[in-house]
Amino acid sequence: PYEVLIVGGGPAGASAAIYAARKGIRTGLVAERFGGQVMDTVGIENFISVPYTEGPKLVASLEQHVKEYDIDVITEQSAAKLTSNGLIEIELASGATLRSKSVILATGARWREMNVPGEQEYRGKGVAYCPHCDGPLFKGKRVAVIGGGNSGIEAAIDLAGIVEHVTVLEFSDTLRADEVLQRKARSLPNVNIIMNAATTEVRGDGSKVVGLTYTDRKTGESHQVDVAGIFVQIGLIPNTDWLKDSEVKLTRFGEIEIDARGATSVPGVFAAGDVTTVPFKQITISMGAGATASLAAFDHLIRTSAG
Ligand code: FAD
């Protein structure tokens, strides 16, 4: 068996693997796709100490760093089941089973998409999912935020300080965001909130976003809003479907509950990155979390292994 087996090959998983291998213990990493969400990212300006990089470039350096160590990397395999009886077993969709004394879950998350025409075509060309990442790219421009929950209203308040104007489009007739956030957003002169708005299309000029079209769900009328950026804030879905029948405790949103050391409810099982209850989801945060989980797993091993 492995001493540490990491499930997931994004920034959290790669960082956990390097930290584990540097302890000289038998380390494995299994992932559907090495690099995770970073592979889908165009420009990255907040990976501290690197003023600008691009997703695939950062993933190539991650891969190179992982390759410096004796890590058993298995890609294009998905974990389907976790069981624990002393050793932890990860059953893969292919039917194979990997065994380890400790496991670090780093399967990440994915942004919920609007599924409207133009969204995919203009992803990274005006359609964005992360205000902390892409907000400054729209300095002085008009943007829209889709979604009136906490993340949407937080995004609107955040963006209002950077961009010229923010239009929030909420599908239902009420905002789900906390009252204090709603009050703050409504107090800002450059934020406008539209209710009952079903976004139907992202409009572009062939190379970048120029606006969006929405239907007023009360009147059925179609309207256009001219914006350079569209921040989609309708949910982040943790990749934990495969853990639903396991003993790993998840929140009602499906996030893995962890403590300050990355420990889950199952002894020997740790977790890191976007898949967990960590409050902010960023590359630099995921890497730190991967290191934390890895050091905690090592600490667990030296306390529980005889030899
Ligand atoms: P992920 O990157 O999601 O990696 C998850 C890994 O788990 C992948 O290898 C995946 O294949 C694997 N996996 C999932 N399920 C299974 C399974 N069942 N079995 C095996 N493997 C599995 N953050 C920034 O800091 N700056 C930015 O500029 C930035 N821009 C972004 C732009 C976009 C478009 C997106 C989508 C995200 C952006 N982020 C940015 C967020 C950042 O990418 C994430 O916070 C970070 O990638 C999370 O790392 P992670 O390792 O926790 O998970």
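The values are calculated or read from the model by the stated rules, or taken from the named source; none is laboratory data. Just so it is clear, the model here is predicted, and its values are computed rather than measured. Reconstructed Cβ throughout: ideal geometry from the backbone, glycine too, with neighbour counts over all protein chains shown.
List of remarks:
- Those residues of the range 53-81 which are assigned to a loop (DSSP other than H, G, I, E, B) and either away from the ligand (no atom under 12 Å from the Cβ) or at negative phi (or both), in sequence order: 68, 69, 70, 77, 78
- Residue satisfying all of: in the range 90-119; more than 30 Å from residue 263 (Cα to Cα) and either in contact with an Asp or Glu (Cβ under 9 Å, 6 or more places away or on another chain) or basic (Lys, Arg) (or both); surrounded by the fewest Cβ atoms within 10 Å (Cβ to Cβ) among these: 117
- Pairs, first over 19 Å from residue 174 (Cα atoms) in the range 189-215, second surrounded by fewer than 19 Cβ atoms within 10 Å (Cβ to Cβ) and modelled with pLDDT under 95, C-beta under 7 Å, six or more apart: none
- Every listed requirement among (1) in contact with a helix residue (DSSP H, G or I) (Cβ under 6 Å, 6 or more places away or on another chain); (2) more than 14 Å from the ligand (Cβ to nearest atom); (3) assigned to a loop (DSSP other than H, G, I, E, B) is met by residue 102 save one, (3).
- Of the listed requirements (1) within 13 Å of the ligand (Cβ to nearest atom); (2) closer than 19 Å to residue 90 by Cα, residue 284 misses just one: (2).
- Within this structure, residue 143 fails the test of being of a type in the set (A, V, I, L, M, F, W, C), part of a loop (DSSP other than H, G, I, E, B) and closer than 18 Å to residue 199 by Cβ.
- Residue 109 meets all of the listed conditions (1) among the small types (Gly, Ala, Ser); (2) touching a strand residue (DSSP E or B) at 6+ places or on another chain (Cβ under 8 Å); (3) more than 8 Å from the ligand (Cβ to nearest atom); (4) more than 23 Å from residue 160 (Cβ to Cβ) but one, namely (3).
- Yes/no for residue 212 being part of a helix (DSSP H, G or I) and at pLDDT 95 or above: no
- Residue within the range 39-52 that is modelled with pLDDT of 95 or more, part of a strand (DSSP E or B) and more than 8 Å from the ligand (Cβ to nearest atom) present: yes
- Taken over the range 120-130, residues that are more than 10 Å from the ligand (Cβ to nearest atom), crowded, with 19+ Cβ neighbours inside 10 Å and either on the phi < 0 side of the Ramachandran plot or acidic (Asp, Glu) (or both) amount to 1.
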